[in-house]
Amino acid sequence: MTNPTLSALRWLALCLSFLVSIHAEERMDEMWGESTVKLRAADAEKGQLFDKGNYAMFIHWGLYSQLANKVDGKTYYGIGEWIMNPRMANIPPEQYKKLAGEFNPTRFDVKAIARLAKDAGMKYVIITSKHHDGFAMYDSAACDFNVVDATPWKMDPMKELAAACRELGLGFGFYYSHNQDWTFPGGGGGPKLDAEGKPASFDDYFLKKCLPQVEEITSQYGPIELVWFDTPGRMPKKYAEQLVAVVRKNQPKALVSGRVGHGLGDYQSLGDMEVPHRNIEGMWESVDTTNDSWAYAWYDECWKTPDEILRRLISCVARGGTYMLNIGPRGDGSVPERAARSLRESGAWIHRYPQVVYDTASSPWKHALPWGDVTVKGKRLFLSVFDWPASGKLYLPGLETRVVSAKLLDGKSASELTHERLHGWTVVELPARAPERLVSVIELALEAEPVVDTTFGLDPNGATTVLAEFAEVAGAKGSKKHWMEKFGEWKTAYHIHQWKPESSVTFEVEVLAAGDYMVDLNYAGEGRYVWSVGVVGGERIQNQQNSSAIYQDHPIGWLRFPQPGKHKVEVKCVDGNLDSASLRAIRFTPVF
Ligand code: FHN
């Protein structure tokens, strides 16, 4: 029997969640700029480090670094540069400004930071010249809330950092928070009244501080690579246009980040910490951080290992983009050693295999492969093997171009590998042990530029996960969703939701070996669900499993693929709270 009050409540909840998701989409644009930035072609010099270098260092450093996420003995978990915001410690602007009086970062070593970026294999460095807190980390005539006028240190670190970067052949550029300014009257999220108690407008902030400061950072530090504007919010287009005009005038070769807003940037910046799963056309970047926070947080020891850094970097490059990875120096200027160690170790690998990362084209498979990823230079494919197959065989599905040779690289030399074609797959024979501890590289020389059937091949060696964004969806909705783990620590997933009893989600796969495969579904939801999974024209299985609000793998059962070749696998949600079912992926693991 249906309870009318319950149905009405459910309907209201559905409407609300819909509104929240629309609102969330809008807010994403306000934070990260439009995803449809009009791309300008990068010429030989402009954007070269971005487009061909593919890897950069991001630095979040400011007054907030001193607090390290602890205020009056209380720790606030989340991104450290937001500490003064009401969503974190809620420090009033006048009180926050007093922090400048204690800022004396005598351990900030520009040469060591530039050297770290170089050793890490990065090609340019982008540092916060002014974050949302409004404090200028350089000598600003436009506003005395800056590192020279307001601190006992009295130094402009940017002059020397820019010089140290140039000395090592690195590019240099600035982050600038153009819309949000939490301490200057009229700035986004800032005081509403000026020093005399009169109402302050956005124009006041823009004309007295923002525009002059962008003039300063683009004219006082030599040639710069990039101005990284951030969180455009609802800033009207006319303001963004003026800022871009200043950059074009003073730094005609510098790129402007897509987060300037209104599609005025030179390239697209994805959501924070987002590594995409399918190739993206045009110029774009992923921004990520070595731990969970951008700015230094005392408790945050959740460092990315060298292996994770390489996986995320290579994934971005293989999807066609650039990876910018952040460090957050402490309030005294020193860089946490664990971050530095991971960067140096992954960097040593990049220095051994520069051909894999720099000036390469995206993977013709257009997605990752179960064991790793592929980057391309003309007729040469570089297979970065993250998970070395214990079977001694590496399976490459769908490569239609003839392989001339396969070589296992070891940083200096190369050894020939035998290879064969089997039912349209390329199978490469491997030694039992991987030559590299982190990522081993196989180079395939092809007869011509690669032509690839991008269908997901089920790897005979182990599990193959196919994400929901690669499915054909009928009668349900597929879309990207963003959420925060800790405050400001963003996660992104593509999921299939708004299920109906008749919804059907189909994955196309290529099978080399017929037989039974264990099927797992990765989903979140509320309560128990009954899922039905079937090979179109073949076996269909059905099972009930529980769920939680967190995405998890749930075993469904063994499913038989009757013969090698292409198959469609259909997933249906047969029973359970369909309104909250959210499917993220399907996984196939050969049983024998
Ligand atoms: O709000 C900022 C955040 O503090 C940090 O600077 C990141 C880096 O991409 N950008 C904004 C949020 O997207």
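The values are calculated or read from the model by the stated rules, or taken from the named source; none is laboratory data. All figures in this text were calculated on a predicted structure; none of them were measured in a lab. All Cβ positions, even for glycine, are placed from backbone atoms using ideal geometry, and neighbour counts span all protein chains on display. Side chains included, ligands, DNA and RNA excluded: accessible areas come from the protein's heavy atoms. Shrake-Rupley method; radii C 1.70, N 1.55, O 1.52, S 1.80 Å.
Taking the options 118, 98, name whichever one is away from the ligand (no atom under 16 Å from the Cβ), free of Cβ contacts under 8 Å to residues at least 40 places away in the same chain and either open to solvent by 40 Å² or more (accessible area, probe 1.4 Å) or outside any strand (DSSP E or B) (or both).
Values: 118 fails: free of Cβ contacts under 8 Å to residues at least 40 places away in the same chain.
Result of the check over 118, 98: 98.
Of the strands (runs of 3 or more DSSP E) lying entirely inside region 367-441, those carrying at least 3 residues that are closer than 22 Å to residue 310 by Cα are 372-377, 380-385, 393-396, 403-409. Within region 473-527, being open to solvent by less than 20 Å² (accessible area, probe 1.4 Å), more than 20 Å from residue 582 (Cβ to Cβ) and within 25 Å of the chain's Cα centre (by Cα) holds for one residue alone: 488. The residue that is farthest from the ligand (Cβ to nearest atom), among those in region 73-84 that are open to solvent by 20 Å² or more (accessible area, probe 1.4 Å) and touching a residue at least 12 places away in the same chain (Cβ under 8 Å), is 74.
Here residue 106 passes the criteria (1) away from the ligand (no atom under 16 Å from the Cβ); (2) in contact (Cβ under 8 Å) with a residue 12 or more places away in the chain; (3) outside any loop (DSSP other than H, G, I, E, B) except the one numbered (3). Quick one: is residue 281 within 24 Å of residue 52 (Cβ to Cβ), more than 16 Å from the ligand (Cβ to nearest atom), out of contact with any strand residue (DSSP E or B) (no Cβ under 8 Å at 6 or more places or on another chain) and not in a strand (DSSP E or B)? Yes, satisfied.
Report whether or not residue 126 is among the β-branched types (Val, Ile, Thr) and open to solvent by less than 10 Å² (accessible area, probe 1.4 Å). Show your work before the answer.
Working: among the β-branched types (Val, Ile, Thr): yes; open to solvent by less than 10 Å² (accessible area, probe 1.4 Å): yes.
Yes.
Only one of the numbered conditions (1) assigned to a strand (DSSP E or B); (2) hydrophobic (A, V, I, L, M, F, W, C); (3) at pLDDT below 95 is not met by residue 518, and that is (3).
Could you say which residue among 202, 206, 174, 184 is outside the structural domain of residue 32 (by TED's automatic domain parsing), under 24 Å from the mean Cα position of the chain (by Cα) and touching a residue at least 12 places away in the same chain (Cβ under 8 Å)?
Values: 202 fails: under 24 Å from the mean Cα position of the chain (by Cα); 206 fails: under 24 Å from the mean Cα position of the chain (by Cα); 184 fails: under 24 Å from the mean Cα position of the chain (by Cα).
Just one listed residue meets the conditions, 174.
Only one of 141, 163 is in the same structural domain as residue 120 (by TED's automatic domain parsing), assigned to a loop (DSSP other than H, G, I, E, B), in contact with a helix residue (DSSP H, G or I) (Cβ under 8 Å, 6 or more places away or on another chain) and away from the ligand (no atom under 16 Å from the Cβ). Can you tell me which? Before you say what the answer is, go through the steps one by one.
Details: 163 fails: assigned to a loop (DSSP other than H, G, I, E, B).
Result of the check over 141, 163: 141.
Listed by position, the helices (runs of 4 or more DSSP H) contained in region 178-267 that have at least 2 residues being open to solvent by less than 10 Å² (accessible area, probe 1.4 Å) and away from the ligand (no atom under 16 Å from the Cβ) are 211-219, 237-250.
Within the set 56, 89, 68, the sole residue that is assigned by TED's automatic domain parsing to the domain that holds residue 146, within 16 Å of the ligand (Cβ to nearest atom) and either under 18 Å from residue 292 (Cα atoms) or modelled with pLDDT of 95 or more (or both) turns out to be 56.
Can you tell me which residue within region 290-317, out of those that are among the polar types (S, T, N, Q) and crowded, with 24+ Cβ neighbours inside 10 Å, is farthest from the ligand (Cβ to nearest atom)? Working first, answer last.
The first filter runs over region 290-317 and keeps only residues among the polar types (S, T, N, Q), leaving 290-291, 293, 305, 315.
From what is left, the residues that are crowded, with 24+ Cβ neighbours inside 10 Å are 290, 293.
On the way: 290: 13, 293: 9 Å.
My answer is 290.
In region 269-278, the qualifying residues are those that are within 13 Å of the ligand (Cβ to nearest atom) and buried (at least 20 other Cβ atoms within 10 Å of the Cβ), and the one that is farthest from residue 485 (Cα to Cα) is 269. Scanning region 318-339 for any residue that is in the same structural domain as residue 219 (by TED's automatic domain parsing), within 16 Å of the ligand (Cβ to nearest atom) and open to solvent by 10 Å² or more (accessible area, probe 1.4 Å) turns up at least one such residue. For residue 71, state whether it is within 23 Å of residue 180 (Cα to Cα) and touching a Cys at 6+ places or on another chain (Cβ under 8 Å). Taking the combined requirement at face value, the residue does not satisfy it.
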